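**Student:** I'd like to ask some things about the structure below.
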Amino acid sequence: MPVIFILFLLPVILIAWIIVLYNGLIQGRNRVDEAWSDIDVQLKRRYDLIPNVVETVRGYAKHEEGVFTKVTEARTAAMSATTPAQHGAAENMLSGALKSLFAVAEAYPQLQAAGNFLNLQQQLGDTEDKIQASRRFYNANVRDFNTKIQAFPANLLANAMGFMKREFFDAPDTAMEVPQVKF
């Protein structure tokens, strides 16, 4: 009788263990997806603010069309990025273009005193901070998920069920710095 009980209990324990392991993998994948969604929301907010900043500066510096074109092109490239690696590169390019735009703005004291410009600059700085926090949250979830799918014995189930390693959202520190305008 104890042998039959053990033979019955082992498959039940094994099945329960597989279910718990699988549910943990699903939970990790969903956390990574949720964290990426947080980044995506902040990036979209940033993309929505940029045309307002460009138009505000354009009103004061009409002859700086090359800078406006670079910002617009960088924004378009960033919006069309699909992977975390592409977003990292595109965001780096966009940050550089924004720094150029704010450098142009420094030459116009009336612009720097304009309430609308200061408000947009504050909102953009706040958004940059939120992007950085979202990036840290996303990367922590990716690290946990990747560790889970690579560690034995979960890796056996993860490979069999098609769980794939996720990319980190790595952007150089300069890409995540808030563009500064000195008064």
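**Student:** State the number of residues belonging to region 143-159 that are hydrophobic (A, V, I, L, M, F, W, C) and either more than 15 Å from Asn23 (Cβ to Cβ) or not in a helix (DSSP H, G or I) (or both).
**Tutor:** 3
**Student:** If you don't mind, another one. Which one is farthest from Glu64 (Cα to Cα), of the residues in region 133-154 that are of a type in the set (Lys, Arg) and touching a residue at least 60 places away in the same chain (Cβ under 8 Å)?
**Tutor:** Among those residues, the one meeting the criterion is Lys148.
**Student:** Mind checking which residues of region 91-129 are under 14 Å from Leu43 (Cα atoms) and of a type in the set (D, E, K, R)?
**Tutor:** Listed by number, the residues that qualify are Glu91, Asp126, Glu128, Asp129.
**Student:** Let me ask something additional. Report whether or not Leu118 is part of a helix (DSSP H, G or I), at pLDDT 85 or above and under 30 Å from Lys62 (Cβ atoms).
**Tutor:** no
**Student:** Could you please let me know if Val3 is of a type outside the set (S, T, N, Q), part of a helix (DSSP H, G or I) and under 22 Å from the mean Cα position of the chain (by Cα)?
**Tutor:** no
**Student:** Leu111 versus (1) modelled with pLDDT of 90 or more; (2) surrounded by 13 or more Cβ atoms within 10 Å (Cβ to Cβ); (3) over 26 Å from the mean Cα position of the chain (by Cα): which is the lone unmet condition?
**Tutor:** (1)
**Student:** Still on this structure: Mind checking which residues of region 93-132 are touching a residue at least 12 places away in the same chain (Cβ under 8 Å) and among the polar types (S, T, N, Q)?
**Tutor:** Ser95, Ser100, Gln110, Gln112, Asn116, Gln121, Gln123, Thr127, Gln132
**Student:** If you check Leu49, Leu9, which single one turns out to be at pLDDT 90 or above, outside any loop (DSSP other than H, G, I, E, B) and either of a type in the set (Phe, Trp, Tyr) or surrounded by 15 or more Cβ atoms within 10 Å (Cβ to Cβ) (or both)?
**Tutor:** Leu49
**Student:** Something else: Applying the selection to region 14-45, what residues are of a type in the set (Lys, Arg) and in contact with a Lys or Arg (Cβ under 9 Å, 6 or more places away or on another chain)?
**Tutor:** Arg29, Arg45
**Student:** Oh, and also: Tell me whether region 148-164 contains one or more residues that are surrounded by fewer than 19 Cβ atoms within 10 Å (Cβ to Cβ), β-branched (Val, Ile, Thr), modelled with pLDDT of 90 or more and over 18 Å from Gln42 (Cβ atoms).
**Tutor:** no
**Student:** Follow-up question, since we're still on this one. Could you list all residues from region 52-93 that are of a type in the set (Val, Ile, Thr) and either buried (at least 19 other Cβ atoms within 10 Å of the Cβ) or within 21 Å of Leu120 (Cα to Cα) (or both)?
**Tutor:** Val53, Val54, Thr56, Val57, Val67, Thr69, Val71, Thr72, Thr76
Residue-wise test of (1) in contact (Cβ under 8 Å) with a residue 60 or more places away in the chain; (2) at positive phi; (3) more than 12 Å from the chain's Cα centre (by Cα).
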{"site": "Asp38", "(1), (2), (3)": "yes, no, no"}
{"site": "Gln42", "(1), (2), (3)": "yes, no, no"}
{"site": "Val53", "(1), (2), (3)": "yes, no, yes"}
{"site": "Lys62", "(1), (2), (3)": "no, no, yes"}
{"site": "Glu73", "(1), (2), (3)": "no, no, yes"}
{"site": "Ala78", "(1), (2), (3)": "no, no, no"}
{"site": "Ala85", "(1), (2), (3)": "yes, no, no"}
{"site": "Glu91", "(1), (2), (3)": "yes, no, no"}
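The values are calculated or read from the model by the stated rules, or taken from the named source; none is laboratory data. All of these numbers come straight from a predicted model, not from anything done at the bench. Because the Cβ atoms are built from the backbone with ideal geometry, glycine has one as well, and the counts that use them run over all protein chains shown.
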